[in-house]
Amino acid sequence: MVRTKVLWAFLLVFLPATAFAQRIQPILEPTIRVNADVSPVDVKKVLELTLMARGWRIVSLKDDKITARYQVRSATSDIEISYDAEQISIKYLRSNNLKFKRKRDGAKMIHRDYNDWINAIHSDVEHALSQWR
C-alpha cells in the first residue's frame, strides 16, 4: 500500500515534468544544398512560394536574404533565410510565446512546434529544388 502511494506520488510529480521537457528542443537551423543547375533567382522563387504556401508572411526581401514571420494564435516566430547559388541557410531570429531560452552552454532551446515549422520549410524547399527544371 505504501509502495503504491509512493509510486503514484512519483508519477504525479515527475511525469508531467518529463512531458514538458520533451516539448522544448534545441533550435534547428538547417542548411540546404542547391543543385548547380538552379540559379539564385530560382532559389528565391522557390523560397517565396514555399513560405507563402506554409502561411509565413515575408517581412523583407533583400538581395540574398528573406526575413519571414509565422504566427499561430499568440505564438510568433521570425526567421532569416540566406541563399546563394550553392546553399540556403535558415536562421532563428526571435519569437514570442514559444518558450525560447538560452542554456548556460549557449545552446538555444525552443518549443518543438518551431522545429516542426522549420522542418516543413526544409522538406518543401528540398522537394521543390529537386523538381525544379
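Every number in this text was worked out from the coordinates using simple rules, so none of it is lab data. Since the model is a prediction, treat every value here as computed from it, not as a measurement. Here the Cβ is made from the backbone with ideal geometry for all residues, glycine too, and neighbour counts use every protein chain on show.
A few remarks follow.
- In angstrom, the C-alpha Rg and Dmax of the range 30-108 are 14.0, 43.
- Highest-first packing order for the peptide set 90-97, 111-118 is 111-118, 90-97, based on the mean count of other beta carbon atoms within 10 Å.
- Net charge of Cβ neighbours under 10 Å - reference Ala68; Lys, Arg +1; Asp, Glu -1: 0
- A cut-off under 9 angstrom between Cβ atoms defines the neighbours of Lys108, and their net charge, with Lys, Arg +1 and Asp, Glu -1, is +2.
- Simple Cβ-charge dipole of the range 26-131, Lys/Arg +1 and Asp/Glu -1, about Cα centre, in debye nearest 20: 800
- Relative contact order of the range 26-131, taken over Cα pairs closer than 8 Å and 6 or more residues apart, is 31 percent.
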